[in-house]
Structure formats: C-alpha cells, structure tokens
Amino acid sequence: MERGEAYGFSAVMSGTFLLSCLLFAAINRRQRGPYMDEAFHVPQAQAYCHGRFLQWDPMITTLPGLYLASVGVMKPAAWLFGWTGSVVCSAAMLRFINLLFSAGNFYLLYLLLLKIHQKNKAVSGFQRILSTLTLAMFPTLYFFTFLYYTDPGSVFFTLFAYLMCLYGNHKTSALLGFCGFMFRQTNIVWTVFCAGNVVAEKLNEAWKTELQKKKDEKISSRKGSLSDLMRILRFLIKYLISLKNLVTLTALTWPYIILVTVFFVFVFVNDGIVVGDRSSHEACLHFPQLFYFLSFTVFFSFPHLLTPTKIRKFLLSLRKHPVQYSLIAVISLFLIWKFTYVHKYLLADNRHYTFYVWRKIFQRHELVKYILVPVYMFAGWSFADTLKSKSIFWILMYFVCLLAVTVPQKLLEFRYFILPFLIYRLNIPFPSLYRQLLELAFYIVVNAVTFYLFLNKTFQWPNSDEIQRFMW
C-alpha cells in the first residue's frame, strides 16, 4: 500500500466509523431495549456475562460464538475502565461489539480486494478504497451493525478465513472458519469454499498443463462451447480418481477436512444443524431461493449487471442458443412449481421487508412466480457473465457453495444472502469509476431510507403495546 493510499484508507475508515458511532447513538436513544431477535440474544449474552454458561434459551438456533466473543471483550473492558453494574453487558454495550466487528469487516474487505485483484495494475488506490467503502455500506449487512445480531461477527470471521486461505495460511483459515461456524452453523459452507479455492487452483494448473500438452488453443479453461465443457468434465473425473492427486489435495486441505468432519460429528450428536427452535427452521429443497438470491444480487449490483450492453448480449445469446434457454426455462418452471415453500414467518411478520416483497409481488397472482422466470434467467446469465474472468473450476466450486447455503433454507430472509453476495462482489472485475460511484450512492440512499423508516415510522400491533419498527 502506497503512503497516499494508506492515508486515504485511514481517513475513509475513520470517517465511516465516526459516522457509524453517531448513528449508533441515535438508534440507541430511540430503541433502548432489545428489539426483534435481540430479545433472545441479549438475555443469553447477559447470562454468560454473569457466568451462567449452562443457561440456554431453547429459542436460539445458533451456537454461542456471539455471546462468548461478547464476554471476551466486555469483561476485560469492564476491568480496564472500572465499569460496574448494569452498564456491563447492557443492550447498548453488546450492540457496540457489532460496531467493532463492522470496523474489522471494513479492513478485511480492503485487504481482500487488494489480494484478489493484485494482478490488475489498472486499478487505482482510490478505486480500491471506494469499493471497500461501498461493500462496507452494503445495506443488509450495515443495518445489523447497530443491533445485537450474529451477522457482523459471522461475516468478520468468514472474510478473515477467506483472506488467510488466499495467503496460504490454511490452518489459521480453518481456525477462523471454526469461529465463523460458532456464530452460524451454515458458515461451514464457506469453509468448504476455502478448501475449494485450493482445489480449484490445482485443477486450473493441471488443466492448463493438459491444454499445453495437446497444443489445443481453441479450448478455454474459462468459457467455451458444450463440447469444451464436456472435455473439462472428463478431465475433472480423470483428475479426481487419481490416488496421487487425491493425496496431494488432502495434504493441502487437511485443516478444512478436519473442520468439516467436526461439523458432521456435531450434526450427528445434535441430530440436526439447528441448535434450538427446530420446528421453525426445517431444512428443505427450496430451489427458488437461488432465483431470489440472483434477483437480490441484480438489485444491489444493478450498475454492473443491469446495463444496456448486458441486456443486448443476453438477447443475442438467447437468439443464438434457443434450445438451451428453453430447457433452462422449463427446468426453472418445474422447480418453482414443485419446490416453492412459504414460511409462516414470511406471511406473519409485517416488520420485515420480505413480508412486503412477497405480498406486493408474489401474492398478486398465482402466475406471478412463473412469469418472473425470464427475469431469473437474465439475472443468472448476467451473474455468471461477470464471473467469466474466474476459472471454470472456481465458478463450479462457488456455485456448489451458493446452492448449499441458499437452497436448504425454507425462510426467505435477506440476511442469508449477505455472505454469498459479498464473496461474489469481491471477485468480479473492478467496474468503471462512474458505476462504482453510482453503486455507493444507491447504497447510501437505501441505508438512509431504511434507518429513517426504522427510527421514525413506528407502529403498533392491535394486541400489543410495544413499538414496532420496519427492518430488513
């Protein structure tokens, strides 16, 4: 990092943290007590603060990583600053933990952009800082910086594990992956993603060697015809059935293999992945979740994905390959018909944006969910098109992880899309400065509207005196 870039990064990070602190103070003045899921998280953390580590709320579905991290910060801070009484582990102090995680996420996002795009010399320090600021302000993540939820800590440890993986520190990466798993069990998928990065790199090296041997310049390791993809598939099978190759991959990824083994032992002993309220968090094959994620990604990355050039390229591809797209459309219609699930929380809780998305769009008519298939197809094509700079093996590995983290979820919840979105956004090529600025401006507007609604547009339910607020 050059000196000018270092100063610029420090100034932007400090300014963002100061702004977040001011917003944090405003939110805590308006909402002093626990809100929504905080009603479970805050008392549980306070029980840990008082040394009651065997006490557990059966409504909590995640492992106690957030509470252990909170106690690990709060107790030394209370001793250092002489805090006593109710201020220690109060709702406000516990929320402040996420503000610290948010600052850590800002730094990690910058380091990841620096590492992933290190070969692109055309990217300026200003663009890196701007992209870091934009991703740190990503609305769905940024909102939960100010509440005592698992998301900022979950993102912190997962991004940290990914960074260590990219630098080849796989034991450290696996350890950080375990911390992420302790915040949210589904983060085990991103441990597999880190291992997949290593495997994809080795596969890509072997594939390039294979191409060189055959001296076939027409075959691409990134993008090609159906025959090229079939050849890649045959190569993949041949590579993975080789005992020598499997031993090499195992030697490189053993820390991740141990962690995944621990995960399966946990699932066996726990009789499932969910810790607490299992009836409301049942796994299922909810394939339309992938379509919702793609639509979510197009919405938040519209300066990159929803452009006239991309629309023209998609229509040209549609004309060029009508049979393939017709087949994709039929499969999509079938998946929507047979595998659409509507969680009771989605229909009952009018405090979440997803409630209004479902009611205003999907519940307008029974056919709406089928009519949206062309939108999903464009979203999927545009999404894949922006990843064409990555190797085919990386893309396959990412999509497997994307399916694993989205499809089993019955509830449509935008928070579940945060990590797959961030990893996607980190890996696409740097857009033009104009599009970066447009993206940042859009995020700022969305955040401003969200916080305005949360703070000022309160309401009450007929059977409750509690103040209700709109949120993600």
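The values are calculated or read from the model by the stated rules, or taken from the named source; none is laboratory data. These numbers were taken from a predicted model, which means no experiment stands behind them. Every residue, glycine as well, gets a Cβ built from its backbone with ideal geometry; the counts of neighbours run over all protein chains shown. Surface accessibility is based on the protein's heavy atoms, side chains included, excluding ligands, DNA and RNA. Shrake-Rupley method; radii C 1.70, N 1.55, O 1.52, S 1.80 Å.
Along the charge dipole of the range 282-431, pointing to its positive end and built from +1/-1 on Cβ of Lys, Arg, Asp and Glu, which listed residue (324, 412, 343) has its Cα farthest out? So the residue furthest toward the plus end is 324. Given their separation in residues at 0.36 nm each and the Cα-Cα distance between them, residue 307 and residue 75 gain 78.4 nm when the chain is fully extended.
For the set 389, 90, solvent exposure ranked by accessible area (probe 1.4 Å, protein chains only) runs largest to smallest as 389, 90. A straight Cα-to-Cα reach below 23 Å connects residue 360 with the lysines 338, 344, 369, 410, 457, residues fewer than 8 places away in its own chain not being considered. At the residue level, residue 279 shows approximately 80 square angstrom of accessible surface with a 1.4 angstrom probe and all protein chains present.
Average accessible surface for the chain: 49 Å² per residue, computed with a 1.4 Å probe over protein heavy atoms with every protein chain in place. Any lysines with Cα under 20 Å of the residue 310 Cα? List them, leaving off those in the same chain fewer than 8 positions away. In chain and number order, the partners are 223, 320, 388, 390. Considering only alpha-carbon pairs that sit under 8 angstrom and 6 or more positions apart, the relative contact order computed for the chain is 19 percent. Here the calculated FRET efficiency for residue 201 and residue 18, from their Cβ-Cβ distance with R0 = 51 Å, stands at 0.80, rounded to the nearest 0.05.
Given Cα pairs under 8 Å that are at least 6 residues apart, what percent is the relative contact order of the range 157-314? Relative contact order here is 21 percent. Given the alternatives (1) 1.01; (2) 1.14; (3) 1.07, Cα Rg over 2.2 N^0.38 Å as computed for this entry is given by (1). Model label sites at residue 265 and residue 465, defined 7 Å from Cα along the beta-carbon direction, differ in position by 5.1 nm.
Mind giving me the FRET efficiency for residue 283 and residue 126? R0 is 51 Å, r the Cβ-Cβ distance, nearest 0.05 is fine. After rounding to 0.05, the efficiency reads 0.70.
Think of the range 282-431 as a dipole: +1 on every Lys or Arg Cβ, -1 on every Asp or Glu Cβ, centred on the Cα centre; then among 293, 305, 356, 305 lies furthest on the positive end. Note on the range 282-431: with charges restricted to the Cβ of Lys and Arg (+1) and Asp and Glu (-1), its dipole about the Cα centre is near 340 debye. Qualifying GluC sites (Glu not before Pro) in the range 111-218, where qualification requires a DSSP coil assignment and no more than 16 other C-beta atoms within 10 Å, comprise 217. Under the membrane-span-like helix rule (DSSP H runs whose alpha carbons stretch at least 30 Å along the helix axis, mean Kyte-Doolittle hydropathy -0.5 or higher), the chain yields 3-30, 91-116, 188-214, 243-270, 433-456. For the chain, 21, 179, 284, 401 stand unpaired, since no other cysteine beta carbon lies under 4.7 Å from theirs. What a 1.4 Å probe finds exposed on the range 379-457 is 73% carbon and sulfur by accessible area, rounded to a whole percent. Over the residues of the chain, the helix contribution to mean residue ellipticity at 222 nm works out to -22500 deg cm²/dmol, using -39500 (n - 2.57) for each DSSP H run of at least 4. The alpha carbon centroids of the range 57-71 and the range 409-469 are separated by 24 Å.
For the range 230-383, what class follows from the C-alpha gyration tensor (a ≥ b ≥ c being the square roots of its eigenvalues): rounded when a/c is under 1.5, otherwise prolate if a/b is larger than b/c, else oblate? Oblate, because a/c is 1.5 or more while a/b does not exceed b/c.
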